[in-house]
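Presented below is the structure to which this report refers.
The values are calculated or read from the model by the stated rules, or taken from the named source; none is laboratory data. Predicted, not measured: the structure shown is a model, and the values here were computed from it. A quick note on method: Cβ atoms are made from the backbone with ideal geometry, for glycine too, and the neighbour counts reach across all protein chains shown. Heavy atoms of the whole protein, side chains included, go into the accessibility calculation; ligands, DNA and RNA do not. Shrake-Rupley method; radii C 1.70, N 1.55, O 1.52, S 1.80 Å.
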Amino acid sequence: MQRLRTFLDGHCDNTAVVEIIDGLMVACKDIAYRLHLGSLAGVLGSAEQENVQGECQKKLDVISNDLIKDCLAAIPSVKGLASEEEELPVACNASGEYLVLFDPLDGSSNIDVNVTVGTIFSILKAAADSDAATEAAYLQSGKQQVAAGYVLYGPSTLLVLTTGDGVFSFTLDPRIGEFVLERQNIRISETTQEFAINMSNQRFWLPEMQQYVSDLLQGEEGPLGKRYNMRWIASMVAEIHRILTRGGIFMYPYDSRDPGKPGKLRLMYEGNPMSMLVEQAGGMASTAFENIMTVKPEGIHQRVSVVMGSSQEVETAISYHVKN
Ligand code: P6P
């Protein structure tokens, strides 16, 4: 059993990034502990406050965010951080060279019904003269990420990460309190018969997306010529983990409920890190019109339309959009 730090020391020659990932896991192990205690930890339910997104925060959203912030601020190579739960970025160590963006507890609406949630993180190199207390320092496209990953708090606690040379997964062994290597060089199957989308939004989608999903639902009698199964967990981390494990396509497309926004999910700490993982595993990640990791960010909480997973299926979804 290879422990996470042993693996990272042999796999990644960027010691600062290794320190950040290894250090971040201290907070994630604490989050895993509190989640698995559930109501016994007195941390379920609402925090009776909203985040910058105008979403009702769960107690564990706030606790997880604070745990990760404190943990990252103590790592010398972290120059600053940006969180879904923080309106503005937070400067950490002036001598640090890296920026960490994260969603501390993605899918947290599932906590009270005991469904899998996760922490998503993205690591960027800070420009030497950048001010980590301002958004500008973080507004780099997804292609600039040096590392990305998520911790999945499910029946077991898993870490899935990439430092730009393949995707690797680790299982938290509670007997020793360490993440141990589970899978190496994870690859997503090019084809799939499983799609994930929230069908209740169907009437708000672009006609192109409506047509694609309609064809998926027609199965072998339709133009796509095969039967599809559907999944929707309402927790992106769990959906993407399923896709990394057995293929599939995950979609949260543009919808007209809020015409001013290109989608629901956030580019910097959901779309980009998940896109890096999916592409490193041989999949594709698109807005349906362009590669997610080429989107030029204009704000740290910017939203993005998401279509990602098995490459051939994503290409099919894109073909419904691009020709029009
Ligand atoms: P809906 C969780 O809130 C999240 O950001 C993603 O993890 C998830 O895929 C999506 O939103 C679920 O959204 O509209 O189905 O509740």
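Please work out which residue is farthest from the ligand (Cβ to nearest atom), limiting yourself to the stretch 85-99 and to residues that are touching a Gly at 6+ places or on another chain (Cβ under 8 Å) and in a strand (DSSP E or B). If you could, list the steps in order and put the result at the bottom.
Of all residues in the stretch 85-99, those touching a Gly at 6+ places or on another chain (Cβ under 8 Å) come to 89-92, 96, 99.
Subset that is in a strand (DSSP E or B): 90-91, 99.
On the way: VAL90: 21, ALA91: 26, LEU99: 21 Å.
This residue is ALA91.
Taking strands (runs of 3 or more DSSP E) that do not extend beyond the stretch 205-318, which have at least 2 residues that are closer than 24 Å to SER108 by Cα? Outline the logic, then answer.
Details: elements: 229-231, 249-252, 284-286, 306-309.
Where strands (runs of 3 or more DSSP E) fall fully within the stretch 205-318 and carry at least 2 residues being closer than 24 Å to SER108 by Cα, they are 229-231, 249-252, 306-309.
Scanning the stretch 32-47 for residues that are at pLDDT 85 or above and within 16 Å of the ligand (Cβ to nearest atom) yields a total of 1.
If only residues of the stretch 120-151 that are without any contact (Cβ under 8 Å) to a residue 40 or more places away in the chain and part of a strand (DSSP E or B) are counted, the one that is least open to solvent (accessible area, probe 1.4 Å) is LEU124.
Among the residues of the stretch 215-256, those that are hydroxyl-bearing (Ser, Thr, Tyr) and more than 16 Å from the ligand (Cβ to nearest atom) comprise TYR228, THR245. The number of residues in the stretch 48-64 that are away from the ligand (no atom under 15 Å from the Cβ) and either surrounded by 13 or more Cβ atoms within 10 Å (Cβ to Cβ) or free of Cβ contacts under 8 Å to residues at least 12 places away in the same chain (or both) comes to 4.
The single condition among (1) at pLDDT below 95; (2) open to solvent by less than 20 Å² (accessible area, probe 1.4 Å) that VAL117 does not meet is (1). Scanning the stretch 265-285 for residues that are surrounded by fewer than 23 Cβ atoms within 10 Å (Cβ to Cβ) and without any contact (Cβ under 8 Å) to a residue 40 or more places away in the chain turns up just one, GLU279. Residues that are within 29 Å of ASN93 (Cβ to Cβ), assigned by TED's automatic domain parsing to the domain that holds LEU35, in contact with a Ser or Thr (Cβ under 7 Å, 6 or more places away or on another chain) and open to solvent by 50 Å² or more (accessible area, probe 1.4 Å) do not occur anywhere in the stretch 153-161. Go through (1) modelled with pLDDT under 90; (2) within 20 Å of ASP30 (Cβ to Cβ); (3) of a type in the set (Ser, Thr, Tyr) for SER109 and report which single condition fails. Single failed check for SER109: (2).
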